[in-house]
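Structure first, commentary second.
The values are calculated or read from the model by the stated rules, or taken from the named source; none is laboratory data. Keep in mind that this is a model prediction, so the values were computed, not measured. Ideal geometry is used to build each Cβ from the backbone, glycine not excepted, and the neighbour counts take in all protein chains shown. Ligands, DNA and RNA are stripped out before the accessible areas are found, and what is left, the full protein with its side chains, is counted by its heavy atoms. Shrake-Rupley method; radii C 1.70, N 1.55, O 1.52, S 1.80 Å.
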Amino acid sequence: MAEHTEETLDVIIIGAGSAGLSALREVRKRTKRFLIINDGPWGTTCARVGCMPSKLLIEAANAFHHRTTFDTFGIQGADQLTIDITRVMQRVRKLRDDFVASTLATTQALGARAISGRARILGPNQVLVNDKNLDAKKIIIATGSRPIVPVKWQALGNHLLTTDTLFEQEELPASMAVVGMGPIGVEMAQALSRLGIKVAGFGSNKLIGGLSDPRINQVAVDLLSQEFPLHLGEKAELIPEPGKNCIFIQAGDINVSVDKVLVALGRRPNIDDIGLETLGISLNEQGLPPVNPETMQIADLPVFLAGDVNDHIPLLHEAADEGHIAGLNAVRKEIVCFRRRTPLGIVFSDPTIATIGEHFRLLNEKNIVIGEVNFDRQGRARAAQRNKGVLRVYAESESGRLLGSEMCAPTGEHMAHLLALAIDRSLTVWDLLRLPYYHPVLEEGLRTALRNLAAQLPACSESDLASCGPFNADALD
Ligand SMILES: Cc1cc2nc3c(=O)[nH]c(=O)nc-3n(C[C@H](O)[C@H](O)[C@H](O)COP(=O)(O)OP(=O)(O)OC[C@H]3O[C@@H](n4cnc5c(N)ncnc54)[C@H](O)[C@@H]3O)c2cc1C
């Protein structure tokens, strides 16, 4: 029988990932009567096995890949360069450990307020952990997600990798398949290929990297296919090769044999035995309760569901926002609604895949105009030997207001942020054209797309520049 603790806490946070820690920041400013509980390693998915180690691997892969342009720049000897995968992986883990250490500092300082253990809710105000029943006025569930691995593939043992195990590898095999071409699959497939591994990519969906615009998708598929074979539109099956140290993959007519498979089929919310059924509300077919994305509250209960666990938008800045909202609402009498940020998704491929604002698939093509730029001839991109990719911008045909953009464009992360700002502020094409564009920069490519868009709208002005009133100076007026 579980022991019952007398103290009623103000808030219990379950899960010390980015959402949980963001909630903690708000909660601890306002009350000392809180607990944060975490199962498994502390240090967050982002820092341990997510954003940070994946980007460290990508940086190493891109640094090595740049040798393929050296000859064009007049630099000789690139074919003599080799890569030491053991050292690449050691650097990934060394820097990763630094990032983890900085997140651990927060929870280590909490003493008894931070508990290791697997928590389960017993109702809207009670949590069971380590055989103790704890009462709380509010509960924040921020238990994250984990990689999906089909049950029938689990028997493939260490032939199978996920991003939970990839970065722990001392060595990487000669050949790999990456199954699943969402953002994580695309990033890892290109990085592994650029590190010299023979990669084959598989995706059952023809759209990759979270893109929804078929034109941009085709550009991304064509460019990635120049680096490694990409098999899209068929479900992949993994078959062990008896007596051989490899796995056989079948997808439609394609048959490939590889040393290991990275499974990147998406992530499943960690709700299996968290006790959501004890809340007395109906759950959807995934087992998830209704959550208000502006308050993170579950129905009208004193329970909040924040971060990847709610399966809304599995991105770091969104998980942190959701934790922040849940943390604030958990310590307030009145629940407050928060407007969510302009959608922004970046895939750290080269060229960068990005989606900003409204997804193309959700826009009615009849009511929008589309501006486009191809980076093949763009000056700065050519100077850097990075002249590949296309960017499209969508605007409301009536007003010229910017609605969204999708791109597979060189160093697109910066243009993606600029577009997110413009969309967030409800700017029009002409507003954005009024900015200064320094020469020569990649953003001049964005300006080309905007001018292309403006040309399709009813004429607004003869110039990008805003007209001004009289100067009141004889010489100028
Ligand atoms: C390979 C990879 C690359 C990524 N790259 C990016 C990127 O570039 N940019 C970006 O924005 N996002 C990226 N993400 C997504 C980002 O990492 C996540 O959105 C974010 O980490 C989610 O944070 P969270 O707090 O919801 O979950 P987590 O950080 O996973 O935290 C959940 C915590 O809850 C614990 N827990 C689970 N069940 C229980 C229980 N019953 N009791 C107690 N504790 C429990 C877990 O062990 C975990 O510690 C990436 C993810 C991956 C996997």
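Side notes on the structure shown:
- Neighbour cut-off at most 13 other Cβ (10 Å), DSSP loop, GluC sites (Glu not before Pro), region 167-234: 168, 170, 171
- Here region 151-266 carries DSSP beta bridges of which approximately 40% are antiparallel, counting only pairs with both residues inside.
- P(r) tail, region 151-266: Cα-Cα pairs separated by more than 22 Å, 27% of all pairs.
- Neighbour count of at most 14 Cβ within 10 Å plus DSSP loop: longest chymotrypsin sites (Phe, Trp or Tyr not before Pro)-free window in the chain: 1-437
- Within the chain, the percentage of alpha carbon pairs spaced more than 40 angstrom apart rounds to 31%.
- Label positions at residue 120 and residue 165, each projected 7 Å from the Cα along the C-beta direction, are separated by 2.7 nm.
- Rounded accessible area per residue of the chain, 1.4 Å, Å²: 49 Å²
- For residue 424 and residue 399, the FRET efficiency from 1/(1 + (r/R0)^6), where r spans their Cβ atoms and R0 equals 22 Å, is about 0.85.
- GluC sites (Glu not before Pro) lying in DSSP loop within region 371-477, provided at most 14 other Cβ fall within 10 Å: 398, 462
- Summarising the strand pairing of the chain, around 60 percent of its internal DSSP beta bridges are antiparallel.
- Of the solvent-accessible surface of the chain, computed with a 1.4 Å probe and all protein chains present, 51% belongs to carbon and sulfur.
- Overall dimensions of region 220-305, expressed as equivalent-ellipsoid semi-axes from the Cα gyration tensor (√(5λ), whole Å, largest first), are 41, 18, 11.
- A simple spin-label model places pseudo-atoms 7 Å from Cα toward Cβ; at residue 155 and residue 286 they are separated by 3.0 nm.
- Here each label is just a point 7 Å from Cα along the line to Cβ, and for residue 383 and residue 105 those points are 3.8 nm apart.
- Whole-Hz couplings from phi, Karplus 6.51/-1.76/1.60, listed for region 229-235; x for Gly and Pro: x, 10, 10, 10, x, 10, 6
- Extension gain (nm, one decimal) between residue 131 and residue 239, 0.36 nm per residue minus Cα-Cα: 34.7 nm
- Less than 5 angstrom separates the built amide H of residue 118 from those of 130, all sequence-distant by 5 or more or on a different chain.
- Residues residue 215 and residue 278, FRET efficiency given R0 of 51 Å [Cβ-Cβ distance, rounded to 0.05]: 0.60
- The 3J(HN,Hα) values that the Karplus relation (6.51, -1.76, 1.60; θ = phi - 60°) gives for region 121-134 are, in residue order, 7, 10, x, x, 10, 9, 10, 9, 8, 6, 6, 10, 8, 10 Hz. Gly and Pro appear as x.
- Rounded FRET efficiency, nearest 0.05, which uses the C-beta distance separating residue 71 from residue 438 and R0 of 35 Å: 0.75
- Region 344-467: proportion of alpha-carbon pairs further apart than 19 angstrom, %: 42 percent
- Extension gain, residue 33 back to residue 91 (0.36 nm per residue minus Cα-Cα distance, nm): 16.9 nm
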